[in-house]
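For reference, the structure is listed below as C-alpha cells.
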Amino acid sequence: MTSPMIPPSLLPEGLSDRLPPQAQASARLTRRVLDTVASHGYERVMPPLAEFEDTLTQRLKSMRAQDLVRAVDPVSQRSLAFRPDMTAQVGRIAATRLAVAPRPLRLSYAGPVIRQKASQLRPEREKLQIGAELIGSDSAAAAVEIVNVAIEALQAAGVTGITIDFTLPDLIDALAAGPLPLAMHEIEPVRTALDAKDAGALAAISPAAAAYLPLIEATGPFHAAMERLEALSAQLGGAIDSRIAGLRAIARPIGWDITLTLDPTERHGFEFQNWFGFSIFAEGFIGEIGRGGSYAIARADGADEPAMGFSLYPDPLIDAGFGDESPRRLFLPLGHDAARAAELRAEGWHTVAALSGDEDGAAQRCSHWLDGGEPRAY
C-alpha cells in the first residue's frame with residue numbers, strides 16, 4: 001500500500017515555524033529575562049539539544065522515558081533523547097563538570113525543548129524554556145530569591161497581573177508517614193481526591209483519609225488558606241509548622257501587586273519537586289506560564305544535592321505580542337551615503353539597502369527612506 005503524499009512544507013504535529021516579527025520578539029523577550037537573571041549572579045550554560053537517554057534520565061528522579069523523543073546515535077549506536085526539559089541537563093552539568101565549583105551555584109539557560117506528546121491545554125510539542133537554577137541549597141532563603149527573581153524577570157519582559165500559586169508537593173507523603181497515617185493502597189486515591197477537591201470521594205476512602213479534608217479548605221487566596229493550614233498544623237501538634245514558616249518567609253517580600261494563592265496538595269507539574277513548589281500565572285492567559293520549586297540532583301556518588309529553580313515557558317506571551325517592538329526601518333536608495341547610514345544604525349535605525357534601482361522601500365516594511373542625509377517618512 002502506497003503512503004499518501006506528504007506536502008513538502010508540512011511540519012510534524014506540534015512543531016511550527018516562527019516568522020518575522022515573532023522570531024525577533026522571542027529573541028528580545030529571552031534576552032530581557034536572561035539579562036534580569038544575570039543581574040542576580042546567574043551565569044548562563046548551553047547544554048546540547050540531545051543526550052544519551054540514560055544520562056538524561058538519571059539526574060532527576062521523575063524524568064520518564066515515555067516523555068522522550070528518541071533516536072539511535074549512528075556513531076555510538078546508543079539511544080539518544082531530545083531534551084523535554086533543560087533542568088535535568090543543568091543538574092548533570094552541576095553534578096559533573098561543575099561538581100567542584102563553589103556552592104551555592106547559580107546557573108541560567110534558554111532554549112527549545114521537545115516532548116513526545118503535547119497536553120490538551122497546549123498542543124505544541126516544542127516549547128521555549130527559560131530558567132534559572134540555584135544549586136547547593138533548598139532553604140527558605142533560596143526560595144525567596146528564586147521566586148522574586150522569577151517575578152522580576154517576567155516584569156522586565158512586560159508581564160503584569162502575575163499570580164503565584166504555592167504548593168507543598170510532598171506534603172501528602174510526609175503526613176501519611178507521620179501524623180496522618182495512611183495505608184499504602186490509600187495514598188494514591190487520597191491524592192486523586194485532593195486533586196479533584198472532591199470531599200465526598202475523600203471521605204469515602206476511609207476514616208483515615210477523611211482526616212485530610214482540611215487540606216481542601218486550605219486552598220485559595222494565600223493568607224486565608226494559610227490560616228486554615230496553620231489550624232490543621234496546630235491540631236497535629238505543630239507537625240507542619242516548619243513548612244508554614246517557610247511559606248510565610250517566601251511570601252513576605254513579594255510586592256503587593258502580585259496575587260498569591262495556595263494549593264498545598266497540587267502535584268501536576270511538580271513530579272520532581274519536594275518540600276516547596278510554585279506555579280506562575282498571568283492575567284489574560286490560560287494555564288501557567290512557568291513553575292519552580294525545590295528538588296534534588298542525583299550525584300555520581302549516589303548522594304542527593306539540594307537545589308531550587310524556576311522555568312518559564314513564554315511562547316503564549318510571544319504569541320500575544322510580548323517582546324514585539326516595531327523597529328524604525330530605513331530604506332537606503334542606491335548611491336546613499338554609507339557613513340551617514342552607519343551613524344543612523346548606531347542611533348537605533350534598522351537599514352535596508354537597495355540592491356537595484358526599482359526597489360520599493362515601503363514594500364520592504366520601511367517607514368522612512370534616506371533623503372540625502374536625513375530620514376524622510378513615506
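What to note about this one:
- Verdict on Arg122 being part of a loop (DSSP other than H, G, I, E, B), in contact with a Ser or Thr (Cβ under 9 Å, 6 or more places away or on another chain), surrounded by fewer than 17 Cβ atoms within 10 Å (Cβ to Cβ) and touching a residue at least 12 places away in the same chain (Cβ under 8 Å): no
- Note on the range 326-378: residues that are touching a residue at least 24 places away in the same chain (Cβ under 8 Å), open to solvent by 70 Å² or more (accessible area, probe 1.4 Å) and either part of a strand (DSSP E or B) or of a type in the set (Lys, Arg) (or both) amount to 3.
- Subset of the range 300-321 (residues that are open to solvent by 50 Å² or more (accessible area, probe 1.4 Å) and hydrophobic (A, V, I, L, M, F, W, C)): Ala300, Ala320
For every residue, the table says whether it meets (1) more than 23 Å from Asp67 (Cα to Cα); (2) in a helix (DSSP H, G or I).
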| residue | (1), (2) |
| --- | --- |
| Ala249 | yes, yes |
| Ile254 | yes, no |
| His268 | no, no |
| Gly287 | no, no |
| Gly302 | yes, no |
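- The range 56-81 - residue that is within 22 Å of Arg125 (Cα to Cα) and among the hydroxyl-bearing types (Ser, Thr, Tyr) and, of those, modelled with the highest pLDDT: Ser79
- Evaluation of Ser137 against (1) polar (S, T, N, Q); (2) over 24 Å from the mean Cα position of the chain (by Cα); (3) assigned to a loop (DSSP other than H, G, I, E, B) (one fails), failing number: (2)
Quick grid of which residues meet (1) more than 30 Å from Gly136 (Cβ to Cβ); (2) more than 16 Å from the chain's Cα centre (by Cα); (3) part of a loop (DSSP other than H, G, I, E, B):
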{"position": "Leu11", "(1), (2), (3)": "yes, yes, yes"}
{"position": "Ser16", "(1), (2), (3)": "yes, yes, yes"}
{"position": "Leu19", "(1), (2), (3)": "yes, yes, yes"}
{"position": "Ser26", "(1), (2), (3)": "yes, no, no"}
{"position": "Thr30", "(1), (2), (3)": "no, no, no"}
{"position": "Val33", "(1), (2), (3)": "no, no, no"}
{"position": "Val37", "(1), (2), (3)": "no, no, no"}
{"position": "Gly41", "(1), (2), (3)": "no, yes, yes"}
{"position": "Pro48", "(1), (2), (3)": "no, yes, yes"}
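- Out of Ala143, Ala132, Ala150, Ala110, one residue alone is surrounded by 16 or more Cβ atoms within 10 Å (Cβ to Cβ), within 15 Å of the chain's Cα centre (by Cα), in a helix (DSSP H, G or I) and at pLDDT 95 or above. It is Ala150.
- Qualifying positions in the range 64-85 - open to solvent by less than 30 Å² (accessible area, probe 1.4 Å) and either of a type outside the set (A, V, I, L, M) or outside any strand (DSSP E or B) (or both): Leu68, Asp73, Arg83, Pro84, Asp85
- Unmet requirement for Gly237, which otherwise passes all of (1) in contact with an Asp or Glu (Cβ under 7 Å, 6 or more places away or on another chain); (2) part of a loop (DSSP other than H, G, I, E, B): (1)
- Close pairs (8 angstrom Cβ cut-off, 6 or more residues apart or separate chains): more than 14 Å from Leu213 (Cβ to Cβ) in the range 178-201, among the acidic types (Asp, Glu) and not in a loop (DSSP other than H, G, I, E, B) anywhere: Ile187/Asp173
- When Ser242 is tested against the conditions (1) crowded, with 19+ Cβ neighbours inside 10 Å; (2) closer than 30 Å to Ala209 by Cβ, the lone failure is (1).
- Enumeration of residues in the range 153-179 that are buried (at least 22 other Cβ atoms within 10 Å of the Cβ) and either at positive phi or more than 23 Å from the chain's Cα centre (by Cα) (or both): Leu175
- Candidates are the residues of the range 180-200 that are open to solvent by less than 40 Å² (accessible area, probe 1.4 Å) and part of a helix (DSSP H, G or I); the one that is nearest to Pro264 (Cα to Cα) is Leu194.
- Considering only residues in the range 283-296 that are open to solvent by less than 10 Å² (accessible area, probe 1.4 Å) and more than 18 Å from Ala140 (Cα to Cα), the one that is nearest to the chain's Cα centre (by Cα) turns out to be Gly290.
- Output for the range 86-100, where each listed residue is within 14 Å of Tyr295 (Cβ to Cβ) and either without any contact (Cβ under 8 Å) to a residue 24 or more places away in the chain or outside any helix (DSSP H, G or I) (or both): Met86
The values are calculated or read from the model by the stated rules, or taken from the named source; none is laboratory data. No experiment lies behind these values; they were computed from the predicted model shown. Note that we place each Cβ from the backbone using ideal geometry, even for glycine, and neighbour counts take in every protein chain shown. For the accessible areas, the whole protein counts, side chains as well, though only heavy atoms, and no ligand, DNA or RNA atoms are used. Shrake-Rupley method; radii C 1.70, N 1.55, O 1.52, S 1.80 Å.
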